[in-house]
Amino acid sequence: MAAYLNRIATAVPDHDVHEPFVQFAETLLTDRRSQVLFRRMADRSQIEHRFSTVQPRPLSSNSGLDTDDFYVRGAFPSTAQRMQRFEAKAPGLALKAARGLDLTDEEKDGVTHVIVTTCTGFSAPGLDLQIVEGLGLKPNVERTIVGFMGCYAAISALKLARHVVRSQPEAKALVVSLELCTLHLQETSDLEQVLTFQVFGDGCAAALVSAEPTGLELESFHAEVVPAAADQITWTIGDLGFDMFLSGQVPASIRSALGDSQARILNGAGVEAFDLWAIHPGGRTVLDAVEGAFALPPKAMAASREVLRRFGNMSSATVLFVLKALLDAPGDKGARGCAMAFGPGLTAETMLFSQA
């Protein structure tokens, strides 16, 4: 029994924060050399827009950074305050994405499983129940939260959805990946950390997986873990939000790992067997690393680079944005593809698929 990713819908908040953040970040850095380096890296990031539930306002030395004074210099919010904001903002964005699937009443009645991924906020009762109630799904649907797995969690969720559909052919799984990354901004003068913040934005993607043979067939999955690089991506809970560390060594580690594991990831096939590439745009240098490791032509990364340009890195939701771009583009039936996303571990979760 085959499982198919039938369709995807996406949503982002209203507020574009990329340029306001770049301006603010330069004020965090205390020496001229760091400021110049940051601006150079920001200009080369290939990111033009990132969105947030936080509405920025013009910088002022005696005011908050946003219209709600959520971020105030010298008094950034506690983890509890950030979670309260997650509880307030996440359900609306999740339902906006899920409603974008335009599920018919019959499809809603047929949804048997709801799988939610997030690593930027938690509450109970939480998003799973709020999605069920907000969409009018049956209250007895099976619900699963895939939590704190980072940027590759959507691939893990699709893997779970495929298992469900292959074991229960009548099943329909609704996958929702929601991340409010900008709730975890830190007030720091550490250049590497500030560079990490300038990549991330907020976003949500919803997907329907079933045995209906439309969209993309989910063929197989494979995970590669690089324990020696486990400390290069970390995501821990601190007193002032969740603390992200993203080492500058990550692209080199990814390139090396992919070079050694290409045959396993592609299930023995050559790169030339794949026309579609959905690579998680963790950053420009991450995409460069994958392109180099597999010797891909520049056009292979077009969808990933466009998502990076328009939205930045939205953690787990991002690879679904890329897959949506591939679904929306005209494609040849049977065209094969490879998706991959990266996160703590250092882990690469990968998926082979084909156009139905």
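Starting from the coordinates of the alpha-carbon atoms of region 1-131, obtain the Kirkwood hydrodynamic radius over all distinct pairs and give the value in Å to one decimal.
17.9 Å
Between the Cα long axis of helix 18-28 and the first principal axis of the chain there is an angle of about 40°, rounded to the nearest 10.
Rounded to the nearest angstrom and listed largest first, the equivalent-ellipsoid semi-axes of region 265-356 from its Cα gyration tensor are 19, 16, 12.
Solvent-accessible surface of region 3-156, taken per residue with a 1.4 Å probe and all protein chains present: 47 Å². For E142, the amide hydrogen comes within under 5 Å of the amide hydrogens of H113, V114, counting only partners 5 or more places away or on other chains and with H modelled in the peptide plane. Principal semi-axes of the equivalent ellipsoid, √(5λ) from the alpha carbon gyration tensor of region 94-163, are 20, 14, 11 Å from largest down. Rounded to a whole number, what % of the accessible area of region 144-234 do carbon and sulfur atoms account for, probe 1.4 Å? Answer for region 144-234: carbon and sulfur cover 52 percent of the accessible area. Here is the link list: K96/K299; K159/K299; K138/K172. Which ones come out longer than 21 Å on Cα distance? Flagged as over cut-off: K96/K299; K159/K299.
Considering the chain, its Cα convex hull presents a mean projected area of 17.0 nm². Summary of the geometry: region 258-313 and region 141-162, compared by the centres of their Cα atoms, lie 22 Å apart.
When the inverse distances between all different Cα atoms of region 155-215 are averaged and flipped, the Kirkwood radius reads 14.2 angstrom. Computed extension length for H163-D105: 18.4 nm, one decimal, from 0.36 nm per residue of separation with the Cα-Cα distance subtracted.
Each residue of region 33-47 is assigned a 3J(HN,Hα), and the resulting list reads 4, 5, 5, 5, 5, 4, 4, 5, 5, 5, 5, 8, 6, 6, 10 Hz, derived from the Karplus form 6.51 cos²θ - 1.76 cosθ + 1.60 (θ = phi - 60°), x at Gly and Pro.
Packing order of peptides 339-346, 103-110, highest average first: 339-346, 103-110 (average count of other Cβ atoms within 10 Å over each peptide's residues). Pairing the Cα long axis of helix 79-99 with the longest principal axis of the chain, what angle in degrees results, from 0 to 90 and rounded to the nearest 10? The angle comes out near 40 degrees.
Solvent-accessible surface of region 226-349, averaged per residue with a 1.4 angstrom probe and all protein chains in place: 40 square angstrom. Label positions at A269 and E212, each projected 7 Å from the Cα along the C-beta direction, are separated by 2.5 nm.
The radius of gyration of the Cα set in region 44-116, together with its Dmax, comes out at 17.9, 55 angstrom.
The values are calculated or read from the model by the stated rules, or taken from the named source; none is laboratory data. What you see is a predicted model; the values in this text were computed from it and never measured. Quick reminder, even Gly has a Cβ in these numbers, built from the backbone with ideal geometry, and neighbours come from all protein chains shown. The protein model used for the area step is the full one, side chains on, heavy atoms only, and it has no ligands, DNA or RNA in it. Shrake-Rupley method; radii C 1.70, N 1.55, O 1.52, S 1.80 Å.
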